[in-house]
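One structure below.
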Amino acid sequence: MELDYSAEEEEFRARLRHWLGTELPKLPARPDPLDWPARRAYDCGWQRRLYDAGYGHVHWDGSPTRRLIFLEETERAGAPYVGAGFVGLLHAGPTIAAEGTPEQRERWLEPVLRGDAVWCQGFSEPEAGSDLASLRTRAVRDGDAYVVTGHKIWTSHAEIADWCELLVRTDPDAPKHRGISWLAMPMDAPGITVRPLRTLAGTAEFAEVFLDEVRVPVANRVGAENDGWRVTLVTLSFERGTAFVGEVVACRRVLGELARTARKNGRWDDPVLRRRLGRLGAEFQALWRLIQWNVSEAAATGAVPGTGGSVFKLSYSHARQELYDAAAAVLGPDALDLGREWPRDRLSSLSYTIAAGTSQIQRNIVAERVLGLPKGR
Ligand SMILES: Cc1cc2nc3c(=O)[nH]c(=O)nc-3n(C[C@H](O)[C@H](O)[C@H](O)COP(=O)(O)OP(=O)(O)OC[C@H]3O[C@@H](n4cnc5c(N)ncnc54)[C@H](O)[C@@H]3O)c2cc1C
């Protein structure tokens, strides 16, 4: 398997590096991390610049290898990452690209790529997280619309989103995996109430979403009625398989900064800490190689990533937590200062083994679908 980049890909890298060098100095200062509307404007503005320069499609609609080069170069240059565009660019968009009709692709994909539309994900419910197919939000057909009533939770970016990829139960009598549909719900529809939830890190990045007889056109259904579980597996395979890839590059940068900080503040003399950072370096290097391997596999076999993404998600989310534990060791008492980036990132790293499917669930998937072990009870 070829893991090196070709001359043509290296030429893409050089062009991108040059463009970033001229474009980044023009960017306004990053907004306050607690100001979500300002963060939306900033992230969408950056996506628009990428789009205008021909890089807007890079996350799903082009060569996967170019995407890796894009991630390496943007991180190296300190460019913003997808931010508020996370769901639209990294899993709702790719799902519509794979499963939507030509009209749906035309209607929803360009606004995401242009930075004009922000999406959120309305999958989880109070009693349907890991067991997602137990969801109870009902959609009853009324003419050319579904009337949706229910309660979603942990909906990241709900307050600033224009659209929601929403799972609803369209047949309450069918077996639980068979009565689900995947809808695109406009977040300004009457009957939607968004109630923010505050995290340990102090941000209100996700919310509860209450749905009271919200009318969603039948034309907004992606996939057939009651076939939403199959579409959901496509979304989850992007969410677990490729959505976090860019963050591995960011973790490699943080690791480099940690080593430099440790040298400056004297902690580098501690051999246990040095060994810890060295082991993390090896782990992130291995994860990057795993990504390259997954990408070459996906390029060879088709557009939708396979269950190998669960292997990646499982290892990555634990490595990220270890990285920020190491950051706390490097910072010492300063690790308690929530005004600083690493301490805040440390708290949010705790969520990585839960969000997008917990580690226990990923282990079940790896055991059953990757290793072919017998299904648990
Ligand atoms: C930061 C963050 C952002 C999120 N953003 C979104 C979002 O935008 N949209 C959205 O829809 N959801 C979102 N989620 C929700 C997330 O996907 C769920 O929290 C997750 O799937 C777990 O579901 P739960 O919280 O209901 O836990 P539960 O399902 O109640 O699980 C509790 C514990 O039991 C374990 N467990 C459950 N079943 C099994 C089993 N069969 N085998 C072994 N262990 C099991 C779980 O692993 C977990 O440790 C987000 C979560 C976080 C933390």
Inset, instruction - Mind listing whichever residues of segment 100-122 are crowded, with 19+ Cβ neighbours inside 10 Å, in contact (Cβ under 8 Å) with a residue 60 or more places away in the chain and in a helix (DSSP H, G or I)? - result: TRP108, LEU113
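Can you tell me which of LEU90, LEU16, LEU24 is buried (at least 20 other Cβ atoms within 10 Å of the Cβ), more than 18 Å from the chain's Cα centre (by Cα) and touching a residue at least 24 places away in the same chain (Cβ under 8 Å)? Give the derivation first.
On the way: LEU90 fails: more than 18 Å from the chain's Cα centre (by Cα); LEU24 fails: buried (at least 20 other Cβ atoms within 10 Å of the Cβ).
Just one listed residue meets the conditions, LEU16.
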Legend entry - Pick from segment 325-343, criterion touching a residue at least 60 places away in the same chain (Cβ under 8 Å) and assigned to a helix (DSSP H, G or I), ranking: nearest to ASP269 (Cα to Cα): VAL330
Legend entry - Breaking point among (1) open to solvent by 50 Å² or more (accessible area, probe 1.4 Å); (2) of a type in the set (A, V, I, L, M); (3) touching a helix residue (DSSP H, G or I) at 6+ places or on another chain (Cβ under 8 Å); (4) within 14 Å of the ligand (Cβ to nearest atom), for ALA356: (1)
Inset, instruction - Would you check which residues across segment 359-376 are open to solvent by 90 Å² or more (accessible area, probe 1.4 Å), more than 7 Å from the ligand (Cβ to nearest atom) and in contact (Cβ under 8 Å) with a residue 40 or more places away in the chain and list them? - result: ARG363, ARG369
Legend entry - Among (1) under 26 Å from ALA327 (Cβ atoms); (2) open to solvent by 70 Å² or more (accessible area, probe 1.4 Å), the one test that PHE244 misses: (2)
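Quick one: would you say ARG346 is open to solvent by 30 Å² or more (accessible area, probe 1.4 Å), among the basic types (Lys, Arg), in contact (Cβ under 8 Å) with a residue 12 or more places away in the chain and closer than 29 Å to ALA259 by Cβ? Before you say what the answer is, go through the steps one by one.
Details: open to solvent by 30 Å² or more (accessible area, probe 1.4 Å): yes; among the basic types (Lys, Arg): yes; in contact (Cβ under 8 Å) with a residue 12 or more places away in the chain: yes; closer than 29 Å to ALA259 by Cβ: yes.
Against the criterion (open to solvent by 30 Å² or more (accessible area, probe 1.4 Å), among the basic types (Lys, Arg), in contact (Cβ under 8 Å) with a residue 12 or more places away in the chain and closer than 29 Å to ALA259 by Cβ), ARG346 qualifies.
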Legend entry - Qualifying residue in segment 65-84 (condition: within 16 Å of the ligand (Cβ to nearest atom) and outside any loop (DSSP other than H, G, I, E, B)): yes
Legend entry - Search result, residues across segment 123-150 that are within 15 Å of the ligand (Cβ to nearest atom) and open to solvent by 50 Å² or more (accessible area, probe 1.4 Å): PRO126, GLU127, SER130, ASP131, ARG136
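Return yes when SER296 is more than 16 Å from the ligand (Cβ to nearest atom) and without any contact (Cβ under 8 Å) to a residue 60 or more places away in the chain and no when it is not. Full working, then the answer.
Numbers: more than 16 Å from the ligand (Cβ to nearest atom): yes; without any contact (Cβ under 8 Å) to a residue 60 or more places away in the chain: no.
No: the conditions fail for SER296.
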Legend entry - Some residue of segment 293-310 being open to solvent by 60 Å² or more (accessible area, probe 1.4 Å) and farther than 21 Å from LEU233 by Cα: yes
Inset, instruction - Look at segment 200-247 and say how many of its residues are more than 17 Å from LEU183 (Cβ to Cβ) and of a type in the set (Val, Ile, Thr). - result: 3
Inset, instruction - State whether the residues of segment 45-59 include one that is buried (at least 19 other Cβ atoms within 10 Å of the Cβ) and either in the same structural domain as GLY246 (by the TED database) or modelled with pLDDT under 90 (or both). - result: yes
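Within segment 151-162, how many residues turn out to be touching a strand residue (DSSP E or B) at 6+ places or on another chain (Cβ under 6 Å) and surrounded by fewer than 22 Cβ atoms within 10 Å (Cβ to Cβ)? Before the answer, list the steps.
From segment 151-162, those touching a strand residue (DSSP E or B) at 6+ places or on another chain (Cβ under 6 Å) are 151-159, 161; that's our starting set.
Those left that are additionally surrounded by fewer than 22 Cβ atoms within 10 Å (Cβ to Cβ): 151, 153-154, 156, 159.
The number of residues fulfilling the criteria is 5.
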Inset, instruction - Of the conditions (1) free of Cβ contacts under 8 Å to residues at least 40 places away in the same chain; (2) within 14 Å of the ligand (Cβ to nearest atom); (3) farther than 29 Å from ARG39 by Cα, ILE180 clears all except one; give me its number. - result: (1)
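For every residue, the table says whether it meets (1) touching a Leu at 6+ places or on another chain (Cβ under 8 Å); (2) within 16 Å of the ligand (Cβ to nearest atom); (3) not hydroxyl-bearing (Ser, Thr, Tyr).
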| residue | (1), (2), (3) |
| --- | --- |
| VAL304 | no, no, yes |
| LEU314 | no, yes, yes |
| ASP325 | no, no, yes |
| LEU338 | yes, no, yes |
| GLU341 | no, no, yes |
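The values are calculated or read from the model by the stated rules, or taken from the named source; none is laboratory data. As the structure is a prediction and not an experimental result, all values here were calculated from the model. All Cβ positions, glycine included, derive from the backbone under ideal geometry; neighbour counts span all protein chains shown. In case anyone asks, the SASA skips ligands and DNA or RNA and just uses the protein heavy atoms, side chains included. Shrake-Rupley method; radii C 1.70, N 1.55, O 1.52, S 1.80 Å.
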